[in-house]
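Let me begin by presenting the structure, written as structure tokens, before commenting on it.
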Amino acid sequence: MRVAVLASGGGSNLQALLDCCQGDAPARVVLVISNKPTARALERARTAGVDTVVLDDPADGAALVGLLETHRIDLVVLAGYLKLVPREVVDAFQGRMLNIHPALLPSFGGQGMYGHHVHEAVLAAGATLSGATVHLVDAEYDRGPIVAQWPVPVAPDDTPETLAQRVLAVEHQLLPAVVLAAARAGRVVRLVPTEPGFNTAPPPRAVGSALRPT
Ligand code: GRF
């Protein structure tokens with residue numbers, strides 16, 4: 001499965017994908033796209049020998065679809081991509097475009113809910129549980145069907161930064177698990193826990209092996 005990753009920032013989730021998609025893994029990251037020439041994600045891609053593209057105009061849907069088609073992309077992953085994906089792209093990759101969100105959707109999602117804003121909102125609400133969600137992208141922000149989730153407990157003394165860090169560690173396991181399962185099945189598959197309930201004990205256990213495709 002040929003995977004393109006769109007990222008605007010640090011690219012630690014991209015790195016998790018680059019690391020899991022090696023050797024005889026059924027998926028390969030073959031293209032990394034950013035709206036931001038200085039994104040660390042681009043550096044990570046170059047280091048891994050993966051093609052990179054900086055978009056001239058992130059709102060140009062036809063150009064983005066063309067780029068993805070030229071690279072024969074099967075699956076698109078938004079990993080910290082901060083621009084709205086144009087409608088043409090969402091339509092062209094229906095069922096084949098994933099996003100990772102650092103909370104348990106449908107809570108704490110939607111427009112403006114990105115980065116530290118998400119964790120601030122979780123803490124402000126007094127929630128005792130947060131987590132990571134991978135979902136299919138559709139026309140609305142953070143509203144597409146959920147593919148996999150994993151919970152992360154909120155500690156009484158958490159700051160947005162400490163919570164973000166704990167959630168990110170789970171993201172780095174959840175996203176590769178979803179991409180590898182999709183590559184094995186030849187299509188995006190929902191992952192559910194192999195056992196009833198989740199293990200939220202920190203540090204996160206092997207999330208991937210505690211999930212199975214449905
Ligand atoms: C992650 O928390 C992801 O859930 C969100 O943006 C952040 C990206 O982090 N969409 P990184 O660039 O992968 O390090």
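Brief remarks follow.
- Candidates Leu105, Leu75, Leu129, ranked by Gaussian network fluctuation over the chain, Cα under 10 Å, top entry: Leu129
- Largest GNM mean-square fluctuation among His119, His71, His172, using the chain with Cα springs under 10 Å: His71.
- Max mean-square fluctuation residue, GNM over the chain, Cα-Cα springs under 10 Å, options Thr200, Thr52, Thr133: Thr200
- Amide H contacts of Thr52 (H built 1.01 Å from N, under 5 Å, at least 5 apart or other chain): Val32
- Shape call, the range 87-202: gyration tensor on alpha carbons, a/c limit 1.5: oblate
- Shape category assigned to the range 13-109 from the gyration tensor of Cα positions, a/c cut at 1.5: rounded
- For Gly11, residues with placed amide H under 5 Å, excluding near neighbours: Ala41
- For the range 31-93, the relative contact order works out to 33 percent when only alpha carbon pairs closer than 8 Å and six or more residues apart are counted.
- Neighbour counting of Cβ atoms within 10 Å sorts the residues Glu43, Glu171, fewest neighbours leading, into Glu43, Glu171.
- Dipole check for the chain: with +1 at the C-beta of Lys and Arg, -1 at the C-beta of Asp and Glu, and the Cα centre as origin, the magnitude is about 520 Debye.
- Close amide-amide hydrogen proximity is noted between Leu78 and Leu6, Leu98, Asn99, Ile100, each under 5 Å apart and 5 or more residues distant or on a separate chain (H modeled in the peptide plane; Pro and chain starts excluded).
- Look at the alpha carbon pairs under 8 Å that are at least 6 residues apart: their mean separation over the length of the range 78-166 gives a relative contact order of 30 percent.
- DSSP-assigned coil residues among GluC sites (Glu not before Pro) in the range 68-165, each with at most 14 further Cβ atoms within 10 Å: Glu140
- Scalar couplings 3J(HN,Hα) for the range 90-100, obtained by applying the Karplus form with A = 6.51, B = -1.76, C = 1.60 to θ = phi - 60°, are 4, 5, 5, 10, 4, x, 10, 10, 10, 10, 10 Hz; x denotes Gly and Pro.
- Options Ile146, Ala59, Met97, ranked by Cα towards positive dipole end of the range 59-159, top entry (Cβ charges): Met97
- The loop-placed trypsin sites (Lys or Arg not before Pro) in the range 1-100, going by DSSP, that have at most 11 neighbouring Cβ atoms within 10 Å of their Cβ come out as Arg72.
- The HN-Hα couplings worked out from phi for the range 207-213 by the Karplus form 6.51 cos²θ - 1.76 cosθ + 1.60 (θ = phi - 60°) are 4, x, 7, 9, 10, 9, x Hz, whole numbers, x standing for Gly and Pro.
- Relative contact order computed over the chain (Cα-Cα under 8 Å; 6+ residues apart), in percent: 18
Taken together, the values in this text are just the output of simple stated rules run on the coordinates, not laboratory data. None of the values given here were measured: they were computed from a predicted structure. So basically every Cβ, Gly included, is an ideal-geometry build from the backbone, and we count neighbours across all protein chains shown.
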